[in-house]
Amino acid sequence: MFNSSAISEQINQSIHSKNNNNNNNNNNNNNNISINNNNNNNNNNNNNNNNNSNDSNSDNNNKDNKMVEMVYSLLEMLRLSSAEEMSTKLLLMSQSPQICVEMRQLGCLSLLIQLLHQQNDDQIECNDRQKLLLSHEMRQKANKTLRNIITNSAKSKRELRILRLIEDLRSFVDLLRLRGHELSNDVVDHPSSSVAHLLKVSFDEQHRQVIGLLGGVYAIAQVSDH
């Protein structure tokens, strides 16, 4: 069952932490302005350069604050939405590279992993075609959102490589859910090579962290269940 209370708390903590950092930066900038003005009264050129630099820092901080406020208001709205509505809104938000970076910093990756691996997905009956399709559409949107965020905020190439492998696993499980009883007449390729690759790289600590971050453990478990 989808529960966003823990994720919402994490998002709020991230927002408060970032706002505190921005406030500290603003205080430091104000102190720098005062010090520079006191020490450089006899040098007008230096004063102008320092003021321009501080004005630039202030503009950047204002932009950061506006971005955080915008994302915060959107996330507040998302907490009142259903999983289907949430996946749609998150996908729209992820169309902006700048917002993708903010979404990652504010803890949206955990929210997306929850959407992709809800416990009640496997409990939907195969003959309930409408619910299967709605659940599939919701996961597709969440997966696209996750891909957009990682593409625009990846800290290393390994994140993109690992994400592609995990997407292979999720695609396999989605196919089984959609086709269910029809699989007796069809051949479905098992993503064994992707599982093997994930196993190989999991011996490295940095790769393990990325696998956990992107929900690889849940994806492997779901493949094993099928």
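Observations on the structure shown:
- Hits in the stretch 198-226 (condition: touching a residue at least 60 places away in the same chain (Cβ under 8 Å) and either open to solvent by 100 Å² or more (accessible area, probe 1.4 Å) or over 13 Å from residue 110 (Cα atoms) (or both)): 218, 219, 222, 225
- Residue 174 being modelled with pLDDT under 95, more than 25 Å from residue 82 (Cβ to Cβ) and of a type in the set (Asp, Glu): no
- Checking the stated criteria, residue 81 turns out not to satisfy the condition of being modelled with pLDDT of 80 or more and of a type in the set (S, T, N, Q).
The values are calculated or read from the model by the stated rules, or taken from the named source; none is laboratory data. Computed from a predicted structure; not experimentally measured. Positions of Cβ are generated from backbone atoms using ideal geometry, with glycine treated the same way; all protein chains shown enter the neighbour counts. Protein only, heavy atoms only, side chains kept; ligands, DNA and RNA dropped before computing areas. Shrake-Rupley method; radii C 1.70, N 1.55, O 1.52, S 1.80 Å.
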